[in-house]
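Data first, discussion second: the structure below is written as structure tokens.
The values are calculated or read from the model by the stated rules, or taken from the named source; none is laboratory data. Computed from a prediction, not measured in an experiment: that's the story for all the values here. Note: ideal-geometry Cβ built from the backbone for every residue, glycine included; neighbour counts use all protein chains shown.
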Amino acid sequence: MKIQALALAALLSTQAFADEVAFDFKDPKGVNNIVFKLDAPLESISGTTNGISGIISADPAEPEDIEGKIIVDARTLSVPNPLMQEHMLGAEWLDTAKHPEITFEIKEVLNSKKEGNTGTAEVKGIFTMKGISKEVLVPVSVTYLPGRLADRTGGKVEGDLLVVRTNFQINRGDYGIKQGENLDKVSDVIDISLALAGAAPKK
């Protein structure tokens, strides 16, 4: 009986693993992007990046139950003003020469709900920037789109899509970026917004 129970547990575990699909967020179209904004009393700075990669795994039946990691090439962060761009990527701010990646690694999914192909949850994860890692809690919406990869690729590749959306805030001072300095022109609070499509090509 014990052997049968162990065999059943192993079978169920294998089935659960088999149900998970890995979605690749390195977008060959270059459309995926993240928007960031610092709204200070004297100046509002907005920027974007499309240097995004990473793998997120999800069960299509429970799309909000996700795990994985999103990686941003910090050197691709862009703002309209060239001098601001130079300062932002330089040693005193993001120091992208030494810390070329910004990452978010999912650790735990809380308070998940599902309606149709879309799930919502609070995701606890580790946000790392300029070599400093902090635990953050962010609201996430995840939509599973079966068979829609062909629509996004003009019929070139068949498969599924997973669209992840979130808006959250961090404080630059928490990551060693000129804490408490230049607050009239550069807000300590950074608003981050993203809607990323990950692809799982049909095998």
Could we say that residue 132 is in contact (Cβ under 8 Å) with a residue 12 or more places away in the chain, of a type in the set (A, V, I, L, M) and more than 27 Å from residue 181 (Cα to Cα) here? no
Spot the failing condition for residue 112; the list is (1) of a type in the set (Ser, Thr, Tyr); (2) in contact with a helix residue (DSSP H, G or I) (Cβ under 8 Å, 6 or more places away or on another chain); (3) more than 17 Å from residue 190 (Cβ to Cβ), and only one is missed. (2)
Given the residues 173, 154, 159, 198, which is the only one that is within 19 Å of residue 114 (Cβ to Cβ) and small (Gly, Ala, Ser)? 198
Filtered residues of region 21-47 (kept if exposed (fewer than 15 other Cβ atoms within 10 Å of the Cβ) and within 18 Å of the chain's Cα centre (by Cα)): 22, 26, 28, 29, 30, 31, 35
If you take just the strands (runs of 3 or more DSSP E) that sit entirely in region 18-113, which of them hold at least 1 residues that are touching a Gly at 6+ places or on another chain (Cβ under 7 Å), among the small types (Gly, Ala, Ser) and touching a residue at least 12 places away in the same chain (Cβ under 8 Å)? 52-59, 62-73
Restrict the check to region 64-80 and report whether at least one residue is exposed (fewer than 12 other Cβ atoms within 10 Å of the Cβ), within 25 Å of residue 117 (Cβ to Cβ) and modelled with pLDDT under 95. no
By residue number, the members of region 82-117 that are under 17 Å from the mean Cα position of the chain (by Cα) and of a type in the set (S, T, N, Q) are 103
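One line per residue, one yes/no per condition, for (1) farther than 25 Å from residue 37 by Cβ; (2) touching a His at 6+ places or on another chain (Cβ under 8 Å); (3) not polar (S, T, N, Q):
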| position | (1), (2), (3) |
| --- | --- |
| 125 | no, no, yes |
| 140 | no, no, yes |
| 160 | yes, no, yes |
| 166 | no, no, no |
| 171 | no, no, no |
| 176 | no, no, yes |
